[in-house]
Amino acid sequence: MTENQTLTVRDNRTGEEYELPITDGTVRASDFNKIGKSENEPGLAVYDPGFTNTASTRSAVTYIDGDKGILEYRGYPIEQLAEKSTFLEVAYLLIHGELPTKEQHERWVHEITFHTFVHENVKSLMQGFRYDAHPMGMLLSSVGALSTFYPEARNISDPDVRHEQVVRMIAKMPTLGAWSFRHAQGKPYVYPDNDLTYTENFLSMLFKMSEPKYDPDPRLAKALDVLLILHADHEQNCSTNAVRSVGSSQVDPYSAVSAGIAALYGPLHGGANEAVLKMLRRIGTKDKIPAFIEGVKNGDEKLMGFGHRVYKNFDPRATIIKKACDDVFEVTGVNPLLEIAQELERIALEDDYFISRKLYPNVDFYSGLIYEALQFPPEMFTVLFAIGRTPGWLAQWLELVDDKEQKIARPKQIYTGDRQLEFVPAEERWA
Ligand code: ACO
């Protein structure tokens with residue numbers, strides 16, 4: 001690394017040179033604003049739709065090296081966390097920045113366990129949805145509605161108030177998610193069972209029928225716990241950026257997180273695993289794969305579950321999920337779509353179209369197959385993702401609230417429309 005951490009920019013319009021400091025491999029966009037600025041001209045701006053090369057924050061939550069396929073939460077590799085930790089411990093790690101002591105862990109698990117119930121009016125609110133309401137729509141509305149049940153949550157400058165909302169949200173998300181699932185099935189909502197672990201209780205609220213106590217299969221509970229860990233954070237992705245952007249207005253965290261859920265709802269983000277299953281089902285048999293691949297290469301459609309904005313060699317989460325697939329299928333029997341997925345992956349990974357564009361299976365390529373084996377309908381997949389991502393959204397929100405450098409999010413635009421038109425009243429225009 002050279003001593004001189006600056007960038008010299010010459011503005012060829014004026015011949016003037018500017019020296020901009022380089023910090024942490026970045027230049028400040030606001031420094032460009034000095035370039036070419038005059039009374040009549042605004043300074044230079046940078047144009048970056050989709051923030052493909054713009055850092056919006058400093059963050060110590062999650063590290064990703066997309067080329068090397070590395071994902072770390074607070075410095076711990078995802079492979080180790082998935083194998084040796086639990087979702088609640090990982091949530092603690094993300095929120096607090098370090099692993100808990102025994103006492104901290106016990107207190108944390110106790111706090112989360114005893115905040116799983118929601119106000120009965122939240123239940124009534126959820127029951128008001130149409131019988132076929134998409135569970136993500138129900139989840140994002142009910143999380144947003146929580147802000148009205150906890151009006152103190154808007155006092156975001158108080159660390160104790162912030163902590164209470166963080167606990168509530170991590171605790172209540174499975175309750176709301178499970179109830180949105182039961183709603184679509186016309187089944188009664190199941191109240192939380194505080195004797196069970198976080199993931200077991202979630203399974204109980206999803207699947208318990210008339211038995212006095214739900215008895216979850218520990219292998220399925222573990223696989224679901226691993227899936228939640230894999231989704232717990234992923235630095236500045238679309239939904240986290242939505243949480244931060246909305247949170248930058250200093251709104252309460254329920255409103256900010258419901259914006260994150262809305263972003264996750266989209267098919268290019270959290271909705272991709274649902275799209276993967278639809279695609280596999282549409283392909284139907286292995287002999288149709290080559291024609292499907294040709295269609296993708298001709299630009300007719302995308303190979304869902306492939307490609308990633310950051311991972312350009314492999315998605316480390318996809319590797320762990322493949323292993324979880326084996327564990328789940330041992331209990332549930334193999335999902336017949338697995339064969340098609342594996343063959344599709346094999347053919348795509350040998351095809352120059354995908355190789356040259358660095359398109360590999362992402363976390364969503366196999367997660368849908370597991371969820372389906374666990375008897376979740378596709379509409380629930382994104383809900384599971386949202387439950388897993390909640391600690392990450394909250395860790396990022398907490399970081400935002402304490403970050404003195406952050407301002408209300410307000411990107412610039414390049415205006416391309418008309419100017420100074422003369423308004424003609426309707427009666428004259430239509431005459
Ligand atoms: N199938 C076919 N071609 C693809 C795919 C795909 N899944 N993904 C990217 N490409 C092509 C693009 O058409 C483009 O080709 P071109 O250079 O000839 O124009 C090239 O690969 C680069 O793709 P971009 O769209 O520029 O990549 P970007 O980083 O913007 O998009 C994204 C990433 C949105 C994930 C994209 O790969 C995609 O749509 N994948 C399918 C949806 C999906 O699986 N999403 C889940 C992401 S993981 C998550 O959110 C948890």
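Observations on the model:
- Rg over Rh for segment 58-405 works out to 0.96, both radii taken from alpha-carbon positions and Rh defined as the Kirkwood radius.
- Cross-link reach list, lysines versus LYS213, counting only Cα pairs under 24 Å and skipping chain neighbours closer than eight places: LYS123, LYS172, LYS187, LYS222
- Alpha-carbon spread of segment 301-378, three principal axes, descending order, Å: 38, 21, 20
- Going by neighbour counts of Cβ atoms within 10 Å, the residues PHE292, PHE329 line up, fewest first, as PHE329, PHE292.
- C-alpha center-to-center spacing [segment 1-77, segment 205-219] in angstrom: 52
- Remark on VAL61: its backbone amide H falls under 5 Å from none of the residues 5 or more positions apart or on other chains, H modelled at 1.01 Å from N.
- Highest-MSF residue in the chain out of VAL310, VAL46, VAL296 [GNM, Cα springs under 10 Å]: VAL46
- Bridgeable lysines around LYS412 (alpha carbons under 27 Å apart, same-chain partners fewer than 8 residues away excluded): LYS34, LYS37, LYS404.
- Over the chain, DSSP H runs of length four or greater, each weighted -39,500 (n - 2.57), average out per residue to a 222 nm ellipticity of -16000 deg cm²/dmol.
- In segment 97-187, the C-alpha radius of gyration followed by the widest Cα-Cα span (Dmax) gives 14.9, 45 angstrom.
- Compared with the dominant principal axis of the Cα atoms in the chain, helix 253-264 is inclined by about 90°.
- Loop-located trypsin sites (Lys or Arg not before Pro) in segment 151-227 whose Cβ has at most 12 other Cβ within 10 Å (DSSP): LYS213
- For segment 85-236, radius of gyration divided by Kirkwood radius, i.e. Rg to Rh on alpha-carbons: 0.96
- Distance histogram in 5 Å bins (all Cα pairs of segment 1-47, percent per bin): 5, 20, 28, 24, 12, 7, 2, 1
- Ranked by how many other beta carbons lie within 10 Å on average, peptides 346-356, 80-90 from highest: 80-90, 346-356
- Distance from the alpha carbon centroid of segment 284-317 to that of segment 372-409 works out to 26 angstrom.
Every read-out reported here was derived from the displayed coordinates using simple, explicitly stated rules and does not represent laboratory data. No experiment lies behind these values; they were computed from the predicted model shown. We place every Cβ from the backbone using ideal geometry, glycine too, and count neighbours over all the protein chains shown.
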